[in-house]
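Here, each number is a calculation from the coordinates, and none is a lab measurement. A quick note: this is a predicted structure, and the numbers were derived from the prediction, not measured. A quick note on method: Cβ atoms are made from the backbone with ideal geometry, for glycine too, and the neighbour counts reach across all protein chains shown.
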Amino acid sequence: MEFRDLKAQYSKYKNEIDSAIQEVINNTNFIGGKEVNTLEQRLAEYAGVKHCITCANGTEAMTLLMMAWDIREGDAVFVPDFTFFSTGEIVSFRGATPIFVDVDRATFNIDTIKLEKAINKVINEEILTPKVIIPVDLFGLPANHIEIDRIAKKYNLRVLEDAAQGFGGSIDGKKACSFGDAATTSFFPAKPLGCYGDGGAIFTNDDKLAELLNSLKVHGKGVNKYDNVRIGVNSRLDSIQAAVLNVKLTAFIDHELEDVNKVHKLYTEKLKGIVETPVVPQGYVSSFAQYTIKLKNMNERDALQAKLREEGIPSIVYYIKPMHMQGAFNQLKYDDSDFEVTNELCKTVLSLPMHPYLCEEDVNSIQKAIKDFIWK
Ligand SMILES: *Cc1c(COP(=O)(O)O)cnc(C)c1O
């Protein structure tokens with residue numbers, strides 16, 4: 001059994017993917033060109049925003065925004081404590097200070113009450129200047145963007161939606177990648193929409209910002225890349241990845257998002273009353289980058305994972321360490337008691353195999369293994 005079955009997806013779309021890649025090679029147009037332009041237009045349309053700017057990966061997508069917004073030393077950026085390292089890394093990379101905020105136990109996403117407290121604390125201390133909130137759509141579920149938007153307006157902060165795991169999710173029909181001042185996603189192979197290497201994208205309705213990002217990602221280009229008007233980086237999505245993504249985006253829209261939600265329903269029906277299953281609030285749609293259950297304590301979680309492994313069922317702990325405990329942030333001196341929920345989640349969560357091609361027999365055997373273990 002695969003944790004995320006990319007082989008099943010490839011075998012279904014082998015003809016389309018192979019010929020899309022071959023066409024790029026035939027044309028020997030490996031950077032930019034029609035594959036990338038088409039993809040950007042389709043992604044912007046799908047998310048319901050004016051601009052999509054593709055780039056090298058999801059981390060760079062966020063870094064480019066930090067550059068565009070001139071985030072620097074002395075600035076405070078609010079980031080959930082329960083996320084992939086990247087979300088905090090890009091803040092420190094610019095010399096700014098990541099202020100980690102505890103998450104909501106049910107949704108795994110940033111706790112908006114604690115967020116507002118953290119903002120007020122920074123304002124009162126008068127050392128750092130609050131600048132940006134980076135809510136993460138963790139495991140595919142959009143963060144509480146309605147409340148985050150209210151807080152951002154109240155304190156005059158920018159919002160960067162980190163939708164690396166969130167592509168395809170929505171709140172009352174409004175799609176992930178359309179929240180905040182700008183949003184980013186990742187096309188790392190295991191994400192909801194993945195390519196065959198690294199890739200990422202930025203989404204925004206802001207014309208000026210889009211223009212600036214298009215310059216920053218190509219060496220700060222002016223009228224062309226040999227006219228350089230600012231210091232930038234080299235961060236492009238290559239044409240082969242765009243060609244693969246054009247095929248996969250069609251599959252994602254046609255059936256994959258729906259199918260992964262069918263797997264969610266099936267899992268949740270079968271695991272209800274045995275373990276704590278993921279919560280999807282009213283009006284929200286998750287793209288289920290992960291299907292994450294909660295166990296009673298670390299011993300139970302670790303023993304279940306060992307039992308699943310024995311039965312050939314892969315599972316992964318996302319995430320084993322809170323951001324505030326990462327060695328890279330040692331010098332920042334966080335107060336561990338501010339992160340009660342994240343500390344608990346890191347000990348009790350377990351992500352099960354999850355993808356649109358997971359069949360009912362596999363869900364049944366996963367259920368049986370978990371039930372036999374919990375009710376032993
Ligand atoms: C994967 C991920 C990223 C980074 O994306 P890359 O394409 O791997 O650079 C950022 N944030 C979150 C929450 C992620 O899961």
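Rounded, prolate or oblate: which one fits the chain, using the alpha carbon gyration tensor with axes a ≥ b ≥ c (rounded when a/c is under 1.5, else prolate when a/b beats b/c, else oblate)?
Details: a/c = 1.96, a/b = 1.12, b/c = 1.75.
It is oblate, given that a/c is not under 1.5 and a/b is not larger than b/c.
Backbone phi angles across the stretch 18-28, fed through the Karplus curve with coefficients 6.51, -1.76 and 1.60 (θ = phi - 60°), yield HN-Hα couplings of 4, 6, 5, 5, 4, 5, 4, 5, 4, 7, 6 Hz in residue order; Gly and Pro are listed as x. This model, with +1 at the C-beta of Lys and Arg and -1 at the C-beta of Asp and Glu, gives the stretch 6-247 a dipole about its Cα centre of some 220 debye. Placing +1 on the Cβ of every Lys and Arg and -1 on the Cβ of every Asp and Glu, with nothing else charged, gives the stretch 255-374 a dipole about its Cα centre of roughly 180 debye. Placing a label point 7 Å from the Cα of Ala106 along the Cα-to-Cβ direction, the residues of the stretch 167-183 whose backbone N falls under 19 Å of that point are 170-173. GNM remark for the chain: springs join alpha carbons under 10 Å apart, and the peak mean-square fluctuation among Gly48, Gly283, Gly58 falls on Gly283. Sequentially through the stretch 299-305, phi angles give Karplus couplings (6.51, -1.76, 1.60; θ = phi - 60°) of 4, 5, 4, 5, 5, 5, 4 Hz, Gly and Pro residues having no value and appearing as x.
As a rough footprinting exposure proxy, the listed residues Phe339, Phe167, Phe188 were ranked by other beta carbons within 10 Å of their own, and the order from fewest upward is Phe188, Phe339, Phe167. A crude spin-label estimate for the pair Asp206 and Leu6, with each label 7 Å from Cα along the Cβ direction, gives 3.3 nm. Close amide H pairs (under 5 Å, H built 1.01 Å from N) link Thr129 with Asp75, Ala76, residues at least 5 positions away or on another chain. Amide H contacts under 5 Å for Gly48: none, restricted to partners 5 or more places along the chain or on a different chain, H placed in the peptide plane at 1.01 Å from N. Here the Karplus relation 6.51 cos²θ - 1.76 cosθ + 1.60, evaluated at θ = phi - 60°, turns the backbone of the stretch 178-186 into coupling constants of 10, 8, x, 6, 7, 9, 9, 9, 10 Hz, with x for every Gly and Pro. The label-point distance for Ile320 and Glu344, in a model that sets each label 7 Å from Cα toward Cβ, rounds to 2.3 nm.
Could you tell me what percent of the DSSP beta bridges with both partners in the chain are antiparallel, to the nearest 5?
Working: 23 of 38 bridges.
Bridges in the chain that DSSP calls antiparallel: roughly 60 percent.
Give me the net charge for the shell around Asp302: Cβ to Cβ below 12 angstrom, other residues only, Lys and Arg +1, Asp and Glu -1. Present the calculation step by step, with values, prior to reporting the outcome.
Values: positive: Lys296, Arg301, Lys307, Arg309, Lys347; negative: Glu300.
Net charge around Asp302: +4.
Among Ser215, Ser19, Ser92, Ser286, the ranking by other beta carbons within 10 Å of each residue's beta carbon, starting with the fewest, stands as Ser19, Ser92, Ser215, Ser286.
Going by the alpha-carbon gyration tensor, a ≥ b ≥ c the square roots of its eigenvalues, is the stretch 112-249 rounded (a/c under 1.5) or, if a/c is not under 1.5, prolate (a/b greater than b/c) versus oblate? Show your work: numbers first, answer last.
Details: a/c = 2.40, a/b = 1.30, b/c = 1.84.
In terms of gyration-tensor shape, oblate.
Full extension of the chain between Ile253 and Glu269 yields a length gain of 3.3 nm, computed as 0.36 nm times the residue separation minus the alpha carbon distance. Ranked for footprinting exposure by Cβ neighbours inside 10 Å, fewest first, Val285, Val223 give Val223, Val285. Which of rounded, prolate or oblate describes the stretch 255-374 when judged by the alpha-carbon gyration tensor and an a/c cut-off of 1.5? Because a/c hits 1.5 or more and a/b exceeds b/c, the stretch 255-374 counts as prolate.
Compute the signed sum of charges (Lys and Arg +1, Asp and Glu -1) over the other residues within less than 14 Å, Cβ to Cβ, of Lys153. Write down the numbers at each step before the final one.
On the way: positive: Arg150, Lys154, Arg158; negative: Glu116, Glu147, Asp149, Asp181.
So the surrounding residues net to -1.
Go ahead and run the numbers for FRET between Ile374 and Gln331, Cβ-Cβ distance against an R0 of 45 Å, rounding to 0.05.
On the way: r = 42 Å, r/R0 = 0.93.
My answer for the efficiency is 0.60.
Close amide H pairs (under 5 Å, H built 1.01 Å from N) link Asn228 with Gly222, residues at least 5 positions away or on another chain.
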